[in-house]
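Quick note: the coordinates plus some simple rules give every number you see, no bench work behind them. Please read all numbers here as calculations on a predicted model, not as lab measurements.
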Amino acid sequence: MNNKSKKTIKLLSTVVLGMFVFSFALVPLYNVFCEVTGLNGKIELKATTEKGLENQDGRDISIQFISHNNEEMPWIFKPSEDKIKIKTGKYHTATFYVRNTTSKRMVAQAIPSVAPSNAATHLKKLECFCFEQQELAPGEEALLPVKLLFDNDLPKSIKNVVLSYTIFDVTNYKDAEMSQHQNSIDYQEDHVMEASI
């Protein structure tokens, strides 16, 4: 191999290694970028602990609720109301309807986002179905609550906010199969015992 080929191989190896390292650094860099610029509308997935947020001097804003199902999620998932008018500085409760349309017990997790993204820092949630995974039996339905407040520091230019939730199937199918198998064994044992009595 000549020197030119060796240099090319070294250069390409360095580039591949650099791309590999960069791919691991990409997620933390993206998170820092979003935090600095306020882009992406990420929301904390925990209840607010701040006290004294409610006050009487709020202004009217409109909230539009949007729901999405991840492509692998067969549930029916939709807001009870598509749009509501609220006042900043006051807690409001909204609900989302959900129904497991399958013949299996499933577990779901909802991931929220806010638009415009600079409204996310002003959104405070006291309660939200997105804080915990939701487990539903086959055919079971539920109303999932979200109790929220937009603080009075929300920029005056923001009059409409879109609160979107995407629901994902997070069922551990290995555990579900084991549970279903154990239930089948228990059922068979019960019937064998009944027959022998």
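What full-extension length gain, to one decimal in nm, is calculated for Phe20 and Glu132 as 0.36 nm per residue of separation minus the Cα-Cα distance?
Separation in residues times 0.36 nm, less the Cα-Cα distance, equals 36.9 nm.
Using the C-alpha gyration tensor of the range 60-117, what are the square roots of 5 times its eigenvalues, in whole angstrom, with the largest one first?
Its equivalent ellipsoid spans semi-axes of 27, 12, 9 Å.
Please work out how much length the chain gains when fully extended from Leu143 to Glu72, using 0.36 nm per residue of separation minus the C-alpha to C-alpha distance, in nm with one decimal.
23.4 nm
On a 21 Å Cα-Cα criterion, which of the cross-link pairs Lys83/Lys147; Lys104/Lys125; Lys85/Lys125; Lys78/Lys156 come out too long?
With Cα atoms farther than 21 Å apart: Lys104/Lys125; Lys78/Lys156.
Given 0.36 nm per residue, what is the gain on full extension from Tyr91 to Lys159 after removing their alpha carbon distance, in nm?
22.8 nm
Per residue, how big is the convex hull of the range 60-177 when only Cα atoms are used? Give it in Å³.
Hull volume over Cα atoms, normalised by residue count, gives 93 Å³.
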